[in-house]
Amino acid sequence: MGIFALIVLGIIVLVVLIGLSSAIRIINEYERGVLFRLGRLMALKGPGLRLIIPFGIDRLVKIDLRTVTLEVPPQEVITLDNVTIKVNAVIYFMVVDPRNAVTKVANFINATSQIAQTTLRSVLGQSSLDELLANREKINTRLQHIIDEQTEPWGIKVSTVEIKDVELPQTMQRAMAKQAEAEREKRAKIIHAEGEFEAAQKLTDAAGVIATQPSALQLRYLQTLTEIGVERNTVIVFPVPIDLVQQLIDLRERKPQGSAPPAKT
(Lines give C-alpha, C1' and ligand atoms only; values in the text may rest on other atoms or scores of the structure.)
Protein backbone atom coordinates (compact mmCIF):
# COMPACT_ATOMS: atom_id res chain seq x y z
CA MET A 1 0.00 0.00 0.00
CA GLY A 2 2.85 2.37 0.73
CA ILE A 3 4.36 2.01 -2.73
CA PHE A 4 0.96 2.43 -4.39
CA ALA A 5 0.32 5.62 -2.41
CA LEU A 6 3.66 7.03 -3.46
CA ILE A 7 2.89 6.29 -7.11
CA VAL A 8 -0.48 8.02 -6.86
CA LEU A 9 1.10 10.97 -5.09
CA GLY A 10 3.74 11.24 -7.77
CA ILE A 11 1.12 11.20 -10.52
CA ILE A 12 -0.85 13.92 -8.74
CA VAL A 13 2.25 16.10 -8.35
CA LEU A 14 3.12 15.57 -12.02
CA VAL A 15 -0.38 16.57 -13.12
CA VAL A 16 -0.24 19.65 -10.90
CA LEU A 17 3.11 20.68 -12.34
CA ILE A 18 1.88 20.21 -15.91
CA GLY A 19 -1.25 22.20 -15.12
CA LEU A 20 0.76 25.03 -13.57
CA SER A 21 3.17 25.15 -16.50
CA SER A 22 0.27 25.45 -18.95
CA ALA A 23 -1.62 27.91 -16.73
CA ILE A 24 1.21 30.43 -16.39
CA ARG A 25 1.65 32.62 -19.47
CA ILE A 26 3.94 35.63 -19.91
CA ILE A 27 2.93 38.37 -22.35
CA ASN A 28 5.64 40.76 -23.53
CA GLU A 29 5.24 44.53 -23.63
CA TYR A 30 4.86 44.55 -27.43
CA GLU A 31 2.25 41.77 -27.38
CA ARG A 32 -1.39 41.38 -26.46
CA GLY A 33 -3.17 38.16 -25.52
CA VAL A 34 -6.59 37.18 -26.85
CA LEU A 35 -8.24 34.87 -24.31
CA PHE A 36 -10.69 32.15 -25.38
CA ARG A 37 -12.62 30.09 -22.83
CA LEU A 38 -14.22 26.94 -24.16
CA GLY A 39 -13.94 28.43 -27.66
CA ARG A 40 -15.58 31.74 -26.76
CA LEU A 41 -13.78 35.09 -26.92
CA MET A 42 -13.50 36.39 -23.39
CA ALA A 43 -11.02 39.26 -23.04
CA LEU A 44 -7.90 40.99 -24.25
CA LYS A 45 -4.95 40.58 -21.89
CA GLY A 46 -2.18 43.13 -21.51
CA PRO A 47 1.54 42.51 -20.89
CA GLY A 48 2.76 40.74 -17.76
CA LEU A 49 2.25 37.42 -15.96
CA ARG A 50 -1.15 35.88 -16.71
CA LEU A 51 -2.87 32.81 -15.28
CA ILE A 52 -5.37 30.81 -17.33
CA ILE A 53 -7.35 27.67 -16.72
CA PRO A 54 -5.33 24.73 -18.05
CA PHE A 55 -6.29 21.48 -19.75
CA GLY A 56 -7.82 23.12 -22.82
CA ILE A 57 -10.41 25.17 -21.01
CA ASP A 58 -8.66 28.47 -21.70
CA ARG A 59 -6.58 29.27 -24.76
CA LEU A 60 -4.43 32.41 -25.02
CA VAL A 61 -3.35 33.63 -28.48
CA LYS A 62 -0.48 36.15 -28.51
CA ILE A 63 -0.50 38.87 -31.17
CA ASP A 64 2.57 40.98 -31.94
CA LEU A 65 1.76 44.69 -32.15
CA ARG A 66 5.06 45.76 -33.71
CA THR A 67 5.26 47.03 -37.28
CA VAL A 68 5.61 44.16 -39.75
CA THR A 69 7.74 44.57 -42.87
CA LEU A 70 6.20 42.53 -45.67
CA GLU A 71 8.03 42.20 -48.97
CA VAL A 72 5.73 41.66 -51.95
CA PRO A 73 7.21 39.15 -54.45
CA PRO A 74 8.02 40.49 -57.96
CA GLN A 75 4.87 40.83 -60.04
CA GLU A 76 4.67 40.93 -63.85
CA VAL A 77 2.41 43.80 -64.82
CA ILE A 78 1.19 45.09 -68.20
CA THR A 79 0.87 48.86 -67.97
CA LEU A 80 -1.82 50.99 -69.58
CA ASP A 81 0.43 51.61 -72.62
CA ASN A 82 1.04 47.83 -73.06
CA VAL A 83 4.56 47.65 -71.60
CA THR A 84 5.42 44.48 -69.67
CA ILE A 85 7.36 45.26 -66.48
CA LYS A 86 8.31 43.41 -63.32
CA VAL A 87 7.66 45.28 -60.05
CA ASN A 88 8.25 44.45 -56.41
CA ALA A 89 7.19 46.43 -53.36
CA VAL A 90 7.37 46.51 -49.57
CA ILE A 91 4.50 47.07 -47.12
CA TYR A 92 4.65 48.28 -43.52
CA PHE A 93 1.64 47.41 -41.37
CA MET A 94 0.72 46.72 -37.77
CA VAL A 95 -2.12 45.12 -35.79
CA VAL A 96 -4.34 47.71 -34.11
CA ASP A 97 -7.14 45.34 -33.04
CA PRO A 98 -5.80 41.92 -31.95
CA ARG A 99 -9.29 40.47 -31.48
CA ASN A 100 -10.27 41.08 -35.10
CA ALA A 101 -6.86 39.87 -36.30
CA VAL A 102 -7.58 36.51 -34.60
CA THR A 103 -11.31 36.09 -35.20
CA LYS A 104 -11.86 37.73 -38.60
CA VAL A 105 -9.05 36.13 -40.65
CA ALA A 106 -7.16 32.85 -40.41
CA ASN A 107 -3.67 34.23 -41.16
CA PHE A 108 -3.56 38.00 -41.34
CA ILE A 109 0.04 38.17 -42.64
CA ASN A 110 -0.64 35.87 -45.58
CA ALA A 111 -3.98 37.57 -46.28
CA THR A 112 -2.33 41.00 -46.33
CA SER A 113 0.34 39.70 -48.70
CA GLN A 114 -2.24 38.35 -51.15
CA ILE A 115 -4.26 41.59 -51.04
CA ALA A 116 -1.07 43.57 -51.70
CA GLN A 117 -0.14 41.45 -54.74
CA THR A 118 -3.54 41.74 -56.40
CA THR A 119 -3.81 45.47 -55.65
CA LEU A 120 -0.32 46.10 -57.02
CA ARG A 121 -1.16 44.42 -60.34
CA SER A 122 -4.51 46.20 -60.57
CA VAL A 123 -3.28 49.72 -59.85
CA LEU A 124 -0.16 49.53 -62.02
CA GLY A 125 -2.23 48.07 -64.86
CA GLN A 126 -4.26 51.30 -64.86
CA SER A 127 -1.15 53.53 -65.08
CA SER A 128 1.20 54.21 -67.96
CA LEU A 129 4.94 53.64 -67.76
CA ASP A 130 5.68 57.38 -67.66
CA GLU A 131 3.26 57.84 -64.75
CA LEU A 132 4.88 54.96 -62.88
CA LEU A 133 8.37 56.42 -63.30
CA ALA A 134 7.46 60.07 -62.70
CA ASN A 135 4.63 59.88 -60.14
CA ARG A 136 5.75 57.02 -57.92
CA GLU A 137 4.80 58.84 -54.70
CA LYS A 138 1.24 59.30 -55.94
CA ILE A 139 0.95 55.62 -56.87
CA ASN A 140 2.38 54.59 -53.47
CA THR A 141 -0.26 56.68 -51.71
CA ARG A 142 -3.01 55.14 -53.81
CA LEU A 143 -1.78 51.61 -53.08
CA GLN A 144 -1.61 52.34 -49.36
CA HIS A 145 -5.15 53.72 -49.33
CA ILE A 146 -6.66 50.74 -51.20
CA ILE A 147 -4.85 48.05 -49.18
CA ASP A 148 -5.65 49.79 -45.89
CA GLU A 149 -9.36 49.88 -46.72
CA GLN A 150 -9.40 46.14 -47.45
CA THR A 151 -7.46 45.12 -44.32
CA GLU A 152 -9.25 47.46 -41.89
CA PRO A 153 -11.96 44.87 -40.96
CA TRP A 154 -9.15 42.52 -39.89
CA GLY A 155 -7.75 45.05 -37.41
CA ILE A 156 -4.73 45.78 -39.67
CA LYS A 157 -3.39 49.29 -40.27
CA VAL A 158 -1.23 49.71 -43.39
CA SER A 159 1.04 52.71 -42.80
CA THR A 160 3.31 52.72 -45.87
CA VAL A 161 3.54 51.07 -49.29
CA GLU A 162 6.71 51.61 -51.33
CA ILE A 163 7.50 50.36 -54.84
CA LYS A 164 11.08 49.18 -54.55
CA ASP A 165 12.16 48.38 -58.07
CA VAL A 166 10.79 48.52 -61.62
CA GLU A 167 12.50 46.14 -64.05
CA LEU A 168 12.12 47.17 -67.70
CA PRO A 169 12.75 45.02 -70.80
CA GLN A 170 16.07 45.54 -72.57
CA THR A 171 14.37 46.91 -75.68
CA MET A 172 12.53 49.51 -73.61
CA GLN A 173 15.75 50.50 -71.83
CA ARG A 174 17.49 51.09 -75.18
CA ALA A 175 14.52 53.11 -76.47
CA MET A 176 14.50 55.28 -73.35
CA ALA A 177 18.27 55.83 -73.65
CA LYS A 178 17.84 56.99 -77.25
CA GLN A 179 15.00 59.28 -76.22
CA ALA A 180 17.12 60.85 -73.47
CA GLU A 181 20.05 61.31 -75.85
CA ALA A 182 17.83 62.96 -78.47
CA GLU A 183 16.33 65.23 -75.82
CA ARG A 184 19.78 66.37 -74.69
CA GLU A 185 20.88 67.01 -78.29
CA LYS A 186 17.74 69.07 -78.80
CA ARG A 187 18.47 71.15 -75.73
CA ALA A 188 22.09 71.63 -76.81
CA LYS A 189 21.04 72.88 -80.26
CA ILE A 190 18.47 75.22 -78.77
CA ILE A 191 21.02 76.66 -76.35
CA HIS A 192 23.54 77.09 -79.19
CA ALA A 193 20.96 78.83 -81.38
CA GLU A 194 19.96 81.13 -78.52
CA GLY A 195 23.62 82.01 -78.00
CA GLU A 196 24.06 82.81 -81.70
CA PHE A 197 20.94 84.97 -81.62
CA GLU A 198 22.10 86.90 -78.58
CA ALA A 199 25.57 87.37 -80.12
CA ALA A 200 24.04 88.67 -83.34
CA GLN A 201 21.82 91.02 -81.35
CA LYS A 202 24.79 92.39 -79.45
CA LEU A 203 26.79 92.83 -82.65
CA THR A 204 23.86 94.71 -84.18
CA ASP A 205 23.71 97.01 -81.16
CA ALA A 206 27.48 97.56 -81.35
CA ALA A 207 27.29 98.35 -85.07
CA GLY A 208 24.58 100.90 -84.36
CA VAL A 209 26.76 102.62 -81.75
CA ILE A 210 29.82 102.65 -84.05
CA ALA A 211 27.74 104.04 -86.93
CA THR A 212 26.82 107.07 -84.83
CA GLN A 213 30.43 107.58 -83.69
CA PRO A 214 32.93 106.87 -86.51
CA SER A 215 35.88 107.52 -84.19
CA ALA A 216 34.84 104.46 -82.17
CA LEU A 217 35.76 102.25 -85.12
CA GLN A 218 39.27 103.74 -85.22
CA LEU A 219 39.66 103.16 -81.50
CA ARG A 220 38.60 99.56 -82.01
CA TYR A 221 41.25 99.19 -84.74
CA LEU A 222 43.93 100.52 -82.42
CA GLN A 223 42.81 98.23 -79.62
CA THR A 224 43.00 95.23 -81.94
CA LEU A 225 46.54 96.19 -83.05
CA THR A 226 47.56 96.52 -79.40
CA GLU A 227 46.27 93.04 -78.61
CA ILE A 228 48.14 91.60 -81.61
CA GLY A 229 51.36 93.39 -80.66
CA VAL A 230 51.34 91.93 -77.15
CA GLU A 231 51.78 88.43 -78.58
CA ARG A 232 54.89 89.59 -80.58
CA ASN A 233 53.57 88.38 -83.90
CA THR A 234 55.58 89.09 -87.06
CA VAL A 235 52.43 89.52 -89.11
CA ILE A 236 50.24 92.54 -88.50
CA VAL A 237 46.70 92.47 -89.81
CA PHE A 238 45.40 95.96 -90.56
CA PRO A 239 41.67 96.01 -91.27
CA VAL A 240 40.52 98.21 -94.12
CA PRO A 241 37.09 99.82 -93.90
CA ILE A 242 34.55 98.44 -96.30
CA ASP A 243 33.55 101.97 -97.31
CA LEU A 244 37.05 102.76 -98.56
CA VAL A 245 37.22 99.53 -100.59
CA GLN A 246 33.84 100.29 -102.11
CA GLN A 247 35.02 103.75 -103.19
CA LEU A 248 38.05 102.24 -104.97
CA ILE A 249 35.79 99.80 -106.77
CA ASP A 250 33.51 102.62 -107.87
CA LEU A 251 36.48 104.65 -109.23
CA ARG A 252 37.66 101.68 -111.25
CA GLU A 253 34.23 101.18 -112.76
CA ARG A 254 33.99 104.90 -113.73
CA LYS A 255 37.44 104.87 -115.40
CA PRO A 256 37.11 104.84 -119.26
CA GLN A 257 37.86 101.58 -120.89
CA GLY A 258 40.61 103.27 -122.98
CA SER A 259 40.72 105.15 -126.38
CA ALA A 260 40.99 103.30 -129.64
CA PRO A 261 44.57 102.92 -131.02
CA PRO A 262 45.58 105.51 -133.67
CA ALA A 263 45.19 104.45 -137.26
CA LYS A 264 48.34 103.49 -139.16
CA THR A 265 49.29 105.51 -142.14
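The values are calculated or read from the model by the stated rules, or taken from the named source; none is laboratory data. Predicted, not measured: the structure shown is a model, and the values here were computed from it. Virtual Cβ from ideal backbone geometry, glycine too; neighbours counted across all protein chains shown.
Some points to look at:
- Selection count where residues are in a loop (DSSP other than H, G, I, E, B) and over 28 Å from Val161 (Cα atoms), scope the range 29-68: 10
- Selection status of Thr141, part of a helix (DSSP H, G or I), within 23 Å of the chain's Cα centre (by Cα) and at pLDDT 90 or above: yes
- Candidates in the range 127-136 are the residues that are out of contact with any strand residue (DSSP E or B) (no Cβ under 8 Å at 6 or more places or on another chain) and not charged (D, E, K, R); of these, the one that is surrounded by the most Cβ atoms within 10 Å (Cβ to Cβ) is Ser127.
- Annotation note: of Asn107, Asn82, the sole residue that is without any contact (Cβ under 8 Å) to a residue 12 or more places away in the chain, closer than 30 Å to Lys62 by Cβ and exposed (fewer than 13 other Cβ atoms within 10 Å of the Cβ) is Asn107.
- Any hit, the range 117-126, residues being under 29 Å from Pro169 (Cα atoms), surrounded by 19 or more Cβ atoms within 10 Å (Cβ to Cβ) and among the hydroxyl-bearing types (Ser, Thr, Tyr): yes
- Qualifying positions in the range 158-210 - part of a helix (DSSP H, G or I), within 29 Å of Val90 (Cβ to Cβ) and of a type in the set (A, V, I, L, M, F, W, C): Met172, Ala175, Met176, Ala177, Ala180
- Test: residue in the range 180-191 that is within 30 Å of Val72 (Cβ to Cβ) and touching a Ser or Thr at 6+ places or on another chain (Cβ under 7 Å): no
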